[in-house]
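See structure below.
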Amino acid sequence: MNNVQVLQNVEENFQTFRILDEKGEVVNQDAMPDVTDEQLQELMRRMVYTRIWDQRAISLNRQGRLGFYAPVAGQEATMIGTQYALDKQDWILPGYRDIPQLVFHGLPLYQAFLFSRGHVAGNRIPEDVNVLMPQIIIGAQIIQTAGVAMGLKRNGNTNVAITYTGDGGSSQGDFYEGLNFAGAFKSPAIFVVQNNRFAISTPVEKQTAAKTIAQKAVAAGINGIQVDGMDVLAVLAATQQARKDALDGTPTLIEALTYRYGPHTLAGDDPTRYRTKELDTEYQEKDPLVRFRLFLEGKKLWSEDMENEVIEQAKADVKEAISLADKEPKQKVSDFINNMFETLPSNLKEQLEEYTAKESK
């Protein structure tokens, strides 16, 4: 068998795992996760809630009331499905787009808004919430996750560490190092790549010659799966299995095929410069909310009234959260200096005195 055949054999093992098609029909009954009707409804509530919160956050950003923000519309199934499969004591190490997972894991929404503003209070995570704040450096959270998972194992914890990055993050050296470390030490880690096809403007086809990102797990000796990231049931089932395998000593790389409808961030990106209307339309027809809504309506588990109730709740929660964020004292230069070191070096002591004097006037 030559090298080309070996590669083809590897790639054939990474077919896209899905449970629902675009019309909300079950195409893989045997893979259905064991969830109650109430849990199915909760998954939908969270996705609708996230879509509305995302819309409000974009509006707040444009009003100048919110800072850095990375839109999430289109990626709700991956975000909600993975987090829902976790235990409360599991650890989440997010990228900067992964705010929904943090909030549903327990981070107060107003603190997520403060993080967006760059306010230090947004990083004061409650003691009972096992999350780290979003990593801005692309891919850095992948190595950190391998370390956190190693710590959980050494301490005898029966929990996992999960992290998220985009397809662009899988092109970083940290990506391979993190997977290799977790595989070598059999750490309870789950690595999720939200493949939304573009690392800002660079298409995934120009980032790697591999047919899938999931197959990169092979070199690290860990499990790999490519999942339809716009199918919340498939994402949930894949993550539940990944969590079980991680606790048994085998980490998993999950490649979730998804799409972001908006720009990479609201900091000047214009997706119309690198994406076609045809591609946008193709993925809008795969919308995670639409297909899951159709599925639930077919089971008589969802209605327009239920959806409107979630929409109004999301709007009210965002309004309350931004109001709480507005009440947080404004940061001063002296605050930044004091937050840098426990014991200030002499040069910063001089600066602190200078700015404290200015601020007291």
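Using a 1.4 angstrom probe on the protein heavy atoms only, line up ILE92, ILE143, ILE311 by accessible area, largest first.
Accessible-area ranking of ILE92, ILE143, ILE311, largest first: ILE143, ILE311, ILE92.
In the range 124-252, what % of DSSP beta bridges are antiparallel (nearest 5)?
DSSP beta bridges in the range 124-252 are roughly 20 percent antiparallel.
What net charge do the residues around ALA140 carry, taking every other residue with its C-beta under 14 Å from that of ALA140, with Lys and Arg at +1 and Asp and Glu at -1?
-3
Using the alpha carbons of the range 231-361, what is the convex hull volume per residue in cubic angstrom, as a whole number?
Taking the convex hull of the Cα positions in the range 231-361, it is 257 Å³ per residue.
Given bins 10 angstrom wide, list per bin the percent of all Cα-Cα distances in the chain, short to long.
For the chain, the pair-distance distribution reads 5, 23, 32, 25, 10, 4, 1, 0.
Can you give the extra length, in nm with one decimal, that the chain gains between GLU320 and GLN207 once fully stretched, where that is 0.36 nm per residue apart less the Cα-Cα distance?
Length gained, GLU320 through GLN207: 36.5 nm.
Can you give the helix-only mean residue ellipticity at 222 nm for the chain, where every DSSP H stretch with n ≥ 4 adds -39500 (n - 2.57) and the sum goes over all residues, rounded to the nearest 500 deg cm²/dmol?
Using -39500 (n - 2.57) per qualifying helix, the result is -15000 deg cm²/dmol.
In whole angstrom, how far apart do the alpha carbon centroids of the range 154-219 and the range 283-341 sit?
Answer, in whole Å: 27.
Just subtract the alpha-carbon distance of THR272 and VAL6 from 0.36 nm times their residue separation and send over the number in nm, one decimal.
Once the chain is fully extended between THR272 and VAL6, it gains 91.9 nm.
Given R₀ = 30 Å, FRET efficiency for ARG62-ASP305 by Cβ-Cβ distance, to 0.05?
0.50
With the contact rule set at Cα under 8 Å and sequence spacing of 6 or more, what percent relative contact order holds for the chain?
Relative contact order of the chain: 23 percent.
Take every DSSP beta bridge whose two residues both sit in the chain, then give the antiparallel share in percent to the nearest 5.
Taking every DSSP beta bridge with both residues in the chain, the antiparallel ones total about 10 percent.
State, to one decimal in nm, how far the label point of GLU359 lies from the label point of ASN13, with both points 7 Å from Cα in the Cβ direction.
5.6 nm
Working out 0.36 nm times the residue gap between VAL333 and GLU22, then minus their Cα-Cα distance, what length gain in nm do you get to one decimal?
106.8 nm
Separation of the range 1-41 and the range 84-104 by C-alpha centroid, Å?
What the calculation gives is 23 Å, centre to centre.
Evaluate Rg over Rh across the range 1-143, taking Cα atoms for both radii and Kirkwood's formula for Rh.
That ratio equals 1.06.
Semi-axes of the equivalent ellipsoid for the range 31-83, please: Cα gyration tensor eigenvalues, times 5, square-rooted, ordered largest first, whole Å.
Gyration-tensor ellipsoid for the range 31-83: 28, 11, 7 Å.
Excluding same-chain residues fewer than 8 positions from LYS299, which lysines have a Cα within less than 21 Å of its Cα?
Answer for LYS299, where 21 Å is the Cα cut-off: LYS23, LYS286, listed by chain and number.
The values are calculated or read from the model by the stated rules, or taken from the named source; none is laboratory data. The structure displayed is predicted, hence computed values, not measured ones. Cβ atoms come from the backbone with ideal geometry, glycine included; neighbour counts cover every protein chain shown. Ligands, DNA and RNA are stripped out before the accessible areas are found, and what is left, the full protein with its side chains, is counted by its heavy atoms. Shrake-Rupley method; radii C 1.70, N 1.55, O 1.52, S 1.80 Å.
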